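Each remark here refers to the structure printed beneath this line.
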Protein chains: 2
Amino acid sequence: MGRELDVATAALQRRPEGPPLIGLLTPLVAWWEDRHLELMAGAGFDDVRRAHNAVFVNLPAEGRRLTDLADAAGMTKQAMGELVDDLVAKGYFRKEPDPTDGRAKLLVWDERGLAAHEATMAAFATIEDEVAAIVGDEDLAVVRRTLSALVRATHAPHARST
Amino acid sequence: MGRELDVATAALQRRPEGPPLIGLLTPLVAWWEDRHLELMAGAGFDDVRRAHNAVFVNLPAEGRRLTDLADAAGMTKQAMGELVDDLVAKGYFRKEPDPTDGRAKLLVWDERGLAAHEATMAAFATIEDEVAAIVGDEDLAVVRRTLSALVRATHAPHARST
DNA sequence: ACCATATTGTCAAGAGGCCTGACGATATGT
DNA sequence: ACATATCGTCAGGCCTCTTGACAATATGGT
């Protein structure tokens, strides 16, 4: 059912400190993404796929270029181009020529796309509330603060080198 | 470089409570998996892929059946079969007939596989230490406890229903 | 104005990772 | 003995993402 619910289940309990983080992070991401798609479908956006998230999350209301979008999502422009073309075909946004650059095209939300964008934000808020209801605001705040620090540290410009 | 480093970056800062969890979880998982592969390659296991984790983590030293393995990893036996065949070809383990069931085959680690299995556990411990060094033992403990509760709650048998 | 170089978006091809459907071989319960 | 379920496999397909190559356009130096 869930994608990789208990990857790492075996290795976990035997460690004194408890399960390794990866064994918690992975199923949580899977759950979050499933829940997000569920909420989106419930809001009438039943043709969005998991991969579209990279677009919905990184394309601001003002529009953006394909290459910028791909960069922000951490993937190639070709991969992003596929997602974008799909969403264009589905009526979520359109491509407009960039007035400042003849090569570039600006991706601009259509009405349906703007609604989907907002639905995504609303879904995030909803899921966040669900999480808070389970673990409490206090612990959640610690988690958020700690993971934020971790992300900053691990993704610092010099951290991964090369 | 990183796979989807800042998915959700855009939507984050504007929320009063801070960035949504998914914007932290996703890059952390990506980082963890990259780091794991790095450590494995450093230990001489440079032919393992991300997907192999499901095997390394869910196949105990005593061996296991394909179907069990697939179940534990949350994927189909066909998908797991592909991973297994690949690892068998690479000399990590072998298939033996299950003496108690003529249909089944037992997957048993070879020497190289056992070493890789241990290297995975060692890599987990190393990464865990790196994490602790960044955020401190105290916060890490809270994170682990909180996320554990979350995983239990979201993956309870009746939680996702239907 | 000209030209080398870099960048934008696209086409083509393919790998990787997963899925559904169908199947022979084997177990199991009646 | 026979119906039924399960084990592993073959076949085929979808989705996501990659590398390589390319025409069109920008940009900076001469």
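Just one of B:Arg145, B:Arg152, B:Arg112 is touching a Phe, Trp or Tyr at 6+ places or on another chain (Cβ under 6 Å) and basic (Lys, Arg); which is it? Talk me through it step by step, then tell me what you get.
Numbers: B:Arg145 fails: touching a Phe, Trp or Tyr at 6+ places or on another chain (Cβ under 6 Å); B:Arg152 fails: touching a Phe, Trp or Tyr at 6+ places or on another chain (Cβ under 6 Å).
Exactly one of B:Arg145, B:Arg152, B:Arg112 is touching a Phe, Trp or Tyr at 6+ places or on another chain (Cβ under 6 Å) and basic (Lys, Arg), namely B:Arg112.
Given the criteria among the β-branched types (Val, Ile, Thr), surrounded by 15 or more Cβ atoms within 10 Å (Cβ to Cβ) and more than 15 Å from DNA strand D (Cβ to nearest atom), does B:Val55 qualify?
Numbers: among the β-branched types (Val, Ile, Thr): yes; surrounded by 15 or more Cβ atoms within 10 Å (Cβ to Cβ): yes; more than 15 Å from DNA strand D (Cβ to nearest atom): no.
So B:Val55 fails the test.
Looking at B:Asp68, B:Asp47, which is the one that is modelled with pLDDT of 95 or more and either more than 14 Å from chain A (Cβ to nearest Cβ) or within 12 Å of B:Leu107 (Cα to Cα) (or both)?
B:Asp68
Identify, please: which residue in segment A:100-121 is loosely packed, with under 15 Cβ neighbours inside 10 Å, without any contact (Cβ under 8 Å) to a residue 12 or more places away in the chain and assigned to a helix (DSSP H, G or I) and is, among those, nearest to the other protein chains (Cβ to nearest Cβ)?
Top of the filtered list is A:Glu118.
So which residues in segment A:20-43 are out of contact with any Leu (no Cβ under 8 Å at 6 or more places or on another chain) and free of Cβ contacts under 8 Å to residues at least 60 places away in the same chain? It would help to see each step written out before you state the result.
Residues of segment A:20-43 out of contact with any Leu (no Cβ under 8 Å at 6 or more places or on another chain): A:22, A:26, A:31, A:33-43.
A:Ile22, A:Thr26, A:Trp31, A:Glu33, A:Asp34, A:Leu37, A:Glu38, A:Ala41, A:Gly42 - these are the residues of segment A:20-43 that are out of contact with any Leu (no Cβ under 8 Å at 6 or more places or on another chain) and free of Cβ contacts under 8 Å to residues at least 60 places away in the same chain.
Could you check segment B:19-38 and list, in sequence order, the residues that are facing chain A (nearest Cβ under 7 Å) and within 23 Å of A:Leu37 (Cβ to Cβ)? First the steps, then the outcome.
Let us first name the residues in segment B:19-38 that are facing chain A (nearest Cβ under 7 Å), namely B:19-22, B:24-29, B:31-32.
Matches in segment B:19-38: B:Pro19, B:Pro20, B:Leu21, B:Ile22, B:Leu24, B:Leu25, B:Thr26, B:Pro27, B:Leu28, B:Val29.
Which ones in segment A:122-143 are facing chain B (nearest Cβ under 9 Å) and either crowded, with 19+ Cβ neighbours inside 10 Å or in contact with a helix residue (DSSP H, G or I) (Cβ under 6 Å, 6 or more places away or on another chain) (or both)?
Of everything in segment A:122-143, those that are facing chain B (nearest Cβ under 9 Å) and either crowded, with 19+ Cβ neighbours inside 10 Å or in contact with a helix residue (DSSP H, G or I) (Cβ under 6 Å, 6 or more places away or on another chain) (or both) turn out to be A:Phe124, A:Ile127, A:Glu128, A:Val131, A:Ala132, A:Ile134, A:Val135, A:Asp139, A:Leu140, A:Val142, A:Val143.
The values are calculated or read from the model by the stated rules, or taken from the named source; none is laboratory data. Keep in mind the model is a prediction, meaning the values are calculated, not measured. Neighbour counts are summed over all protein chains in view; Cβ atoms, including those assigned to glycine, are modelled from backbone coordinates with ideal geometry.
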